[in-house]
1. Does at least one position in the stretch 181-190 carry a residue that is more than 30 Å from residue 58 (Cα to Cα), surrounded by fewer than 10 Cβ atoms within 10 Å (Cβ to Cβ) and modelled with pLDDT of 75 or more?
2. Criterion first (more than 20 Å from residue 161 (Cβ to Cβ) and either of a type in the set (Gly, Ala, Ser) or without any contact (Cβ under 8 Å) to a residue 24 or more places away in the chain (or both)) does residue 58 satisfy it?
3. How many residues does the stretch 26-47 hold that are surrounded by 10 or more Cβ atoms within 10 Å (Cβ to Cβ) and of a type in the set (A, V, I, L, M)?
4. Do we have any residue at all in the stretch 37-47 that's within 15 Å of residue 124 (Cβ to Cβ), within 17 Å of the chain's Cα centre (by Cα) and not in a loop (DSSP other than H, G, I, E, B)?
5. Could you run through the stretch 96-130 and say how many residues are among the hydrophobic types (A, V, I, L, M, F, W, C), under 20 Å from the mean Cα position of the chain (by Cα) and either assigned to a strand (DSSP E or B) or over 15 Å from residue 52 (Cβ atoms) (or both)?
6. Out of all the residues in the stretch 48-69, which are surrounded by 15 or more Cβ atoms within 10 Å (Cβ to Cβ) and not in a strand (DSSP E or B)?
7. Please verify whether the stretch 88-95 includes one or more residues that are among the polar types (S, T, N, Q) and within 22 Å of the chain's Cα centre (by Cα).
Amino acid sequence: MDPSYAVSDFQFRFNLRSDGWTVEQGWYVDDVRIQVGQCVPMAGGLVVGNTYDTNTSLPIAGVMVENEAGFSTHTAATEDEAVDDAFFVLFSPGSLQEFTASMVDYTTEIQSVDVVTGSVVRQDFYLDAGIVTADALGLEATVELGDSTTASFNLMNEGSGEATFKLVETRVALTLWVPKHPNPPLPNLKTWISM
């Protein structure tokens, strides 16, 4: 407050206004205290940077960046063309701090950052991720009705991090080949499944 308010007869007023249509009890005021205090900034500095996908070197927005002191933020897109997207600014106490960058489907990265009080320190994070590929594009099998067959293919992880996969059975449309004979014998009925 302005120093002109420092007078011995300073008063507070509590005023409630309403309209003619609203009828309520009003409000209650209790335990009012006027206290002289001082706002002291915490000793610390800022850590700024970006988060990137190690495989593509592209920015990843939405990554959670946190330090061991309990401060955290998420990377976000920027409007400034001179600053890459997936940018973050995070306050941290001035000392050597462990920073963690994490996001679903990426490997968590941990870096030690020497935060300087009253300064800005840059720390970028590169998150690893798995990229699953398969050589199953030409996978095809022909099966006689009542028989079974096996076809194999390879799954590879071409990414920089761990990868998981799940094989699920799905229903696919069947293409039936039926000879033009009016009453073909069933053993000659063939089925092709295209995936």
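The values are calculated or read from the model by the stated rules, or taken from the named source; none is laboratory data. Since the model is a prediction, treat every value here as computed from it, not as a measurement. Note that we place each Cβ from the backbone using ideal geometry, even for glycine, and neighbour counts take in every protein chain shown.
1. Within the stretch 181-190 (the criterion being more than 30 Å from residue 58 (Cα to Cα), surrounded by fewer than 10 Cβ atoms within 10 Å (Cβ to Cβ) and modelled with pLDDT of 75 or more), the answer is no, since none of the residues qualifies.
2. When the stated conditions are applied, residue 58 does not pass them.
3. Count: 4.
4. Scanning the stretch 37-47 turns up no residue that is within 15 Å of residue 124 (Cβ to Cβ), within 17 Å of the chain's Cα centre (by Cα) and not in a loop (DSSP other than H, G, I, E, B).
5. Going through the stretch 96-130 one residue at a time, the tally reaches 6.
6. Correct list: 54, 55, 60, 61, 63, 68, 69.
7. Looking through the stretch 88-95, at least one residue is among the polar types (S, T, N, Q) and within 22 Å of the chain's Cα centre (by Cα).
To keep it simple, each residue is scored yes or no on (1) assigned by TED's automatic domain parsing to the domain that holds residue 58; (2) modelled with pLDDT of 90 or more; (3) surrounded by 13 or more Cβ atoms within 10 Å (Cβ to Cβ).
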site	(1), (2), (3)
104	yes, yes, no
116	yes, yes, yes
144	no, no, no
154	no, no, no
